[in-house]
Amino acid sequence: MVYRRDRAILASTDEANCINAARAIFILPSTTYPSPEMLDSDEYKYAKRKNRKRKQHNYKRVFTVLILTAIFIAISSSPKKNYISAYIQHVGKKRSDFWFGDVHPKVDYTKLPTIYPEFHSHPPIPEAEYIKMETLGNLLSKWDQDDIENPPSHFKEVLQHFDFRDDEQMEAALKFREAELPFKITNLPELLYSQQKWSVKYISDIFKKKGLRSIETGLTQSSKNNFFLFFTHGRWKKKIFGPFPTTNVNWNFFQWAEHARKADEKLLGPNSPHYYFQAEVLQNERFYPESEQGSISRDLPSFSGSSPTFFNFDPKKSTGIQCRFGERGVTAATHYDTGRNMIAMILGAKRYILSPPNACKFLSIETIREHPSFRHSSLNFGRIKYLSRKPNQSDYITSPYERNALLEATKSPAIETILKQGEVLYIPSHWFHYITSLQMSAQCNTRSGRDDKGTESFGGFNDVLSCQ
């Protein structure tokens, strides 16, 4: 065999020697070239075919990447909205933590200018002088429940506000509590502490915990509009009462919080679907060692535990902590609780319309214990404004029962208060409360026993009983 680098002169009939000569001429890798027998083998042909397909696949991947890159550049350079960037930001937000304070509603009710009443060290006698009742119809005519963007310029509070840090005021608060009159407490340290701690991720993690004992549980409910009527699911007969007023939704807390944020930012209307996250702590958890209690009880020690506090003043009869997370517009039907109720607003704000027990006859309360909505009214007071509509106008109320019931409800004595974050509202036994979440909000409450006596001016258990 004779060969030179500048001229391929192969003088050999030996195929292997020719291959080796070619390697020397073209400076090919020094690996052994497959023999003719191997070239004809099925294994070699399969490997060669597989390698060819892999190269074709790689070409397709490169081509796809180039096409997507070109599309991305074209959209990015367009003067129109960058949908890809917006989607990426949206996904990023969903996966990141945020705080209730990061949400910016059109009206932030936590900062609403408010006129407060003068301090009273003793409840007045008679109790009727404590708060001047209006009618429900008058309250809603001045500020409709669905008109969240237009509150009174300076909201006037009628309930006493007592500063938890002031001993004199807390002595007065104790007297009002014993007199079974509603009032509010401000500057409770554990609420201020929880405001700094309760991010969306922190709350979401609370309800992710699993164990032998499910101490803290929560679920999301939805309604076709902003009105939520409580009912016992097992007693609700569709043939009698119609479709369920609300349904459970397979959303975790983070999903609910995302929707609540959008509800504030996009001004969710009253006729759009609304979502309400409800949670509770195991009733007997207050008897557990502190190390075994859940995060909510540890963050709100005055509302849990087996030792009496100003707020959980009858622990043996306590029903445990319940928490309600409301988005803008969510309205809970008017109802009464038998237990003496301490409601702590941790984040956000809600509007409470209170009516005394002797207003029961005006409110169409379900009085039969077997009824699925016992202790509640099925009336949506937001529809009172439609009573003036004529038959040829939209939203005219065609049901004679609903028209008569709403007309009667307008006569009910009532007062209102805005419960802001950092405040605690005391609602005595059998007082009716109608609640609207004014923005993304978090509240927790506990109930301590029950008072049957009530007051001479506002009534009590007997008035609710006679209403039945």
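Every read-out reported here was derived from the displayed coordinates using simple, explicitly stated rules and does not represent laboratory data. Only a predicted model underlies this, so the values are computations on that prediction, with no experimental measurement involved. Don't worry about glycine lacking a Cβ; one is built from the backbone with ideal geometry, like all the others, and counts go over all protein chains shown.
Could you tell me which of rounded, prolate or oblate describes segment 210-291, using a ≥ b ≥ c as the square roots of the eigenvalues of the alpha-carbon gyration tensor, with rounded for a/c under 1.5 and, failing that, prolate when a/b is larger than b/c and oblate otherwise?
Cα axes put segment 210-291 in the oblate bin.
State the three equivalent ellipsoid semi-axes of segment 121-167, derived from the C-alpha gyration tensor as the square roots of 5 times its eigenvalues, in descending order and whole Å.
In descending order, the three semi-axes are 27, 17, 7 Å.
Please go through the residue pairs Lys106/Lys201; Lys201/Lys262; Lys184/Lys411; Lys184/Lys420; Lys224/Lys361 and name each one whose alpha carbons sit more than 22 Å apart in this structure.
Check vs 22 Å cut-off fails for Lys106/Lys201; Lys184/Lys411; Lys224/Lys361.
Quick one: what are the phi-derived ³J(HN,Hα) couplings along segment 289-298, Karplus 6.51/-1.76/1.60 with θ = phi - 60°, whole Hz, x for glycine and proline?
3J(HN,Hα) across segment 289-298, in whole Hz: x, 4, 5, 9, 7, x, 5, 5, 5, 5.
Ranked highest first by average number of other Cβ atoms within 10 Å, how do 438-446, 365-373, 219-227 line up?
Going from most to least packed, we get 438-446, 219-227, 365-373.
Report, in debye and to the nearest 20, how large the dipole of segment 386-468 comes out about its Cα centre when Lys and Arg carry +1 and Asp and Glu carry -1 on their Cβ.
220 debye
Give the long-range amide H neighbours of Ser373: residues separated by 5 or more places, or on another chain, with amide H under 5 Å away, using H modelled in the peptide plane at 1.01 Å from N.
So Ser373 has HN proximity to Thr232.
Can you spot the aspartates and glutamates whose alpha carbon is less than 14 Å from Lys156's alpha carbon? Ignore those fewer than 8 places along the same chain.
Lys156 reaches Glu118, Glu134, Glu416.
Would you work out if segment 257-358 is rounded, prolate or oblate? Take a ≥ b ≥ c from the square roots of the eigenvalues of the alpha-carbon gyration tensor; rounded if a/c is under 1.5, else prolate when a/b is larger than b/c, oblate otherwise.
oblate
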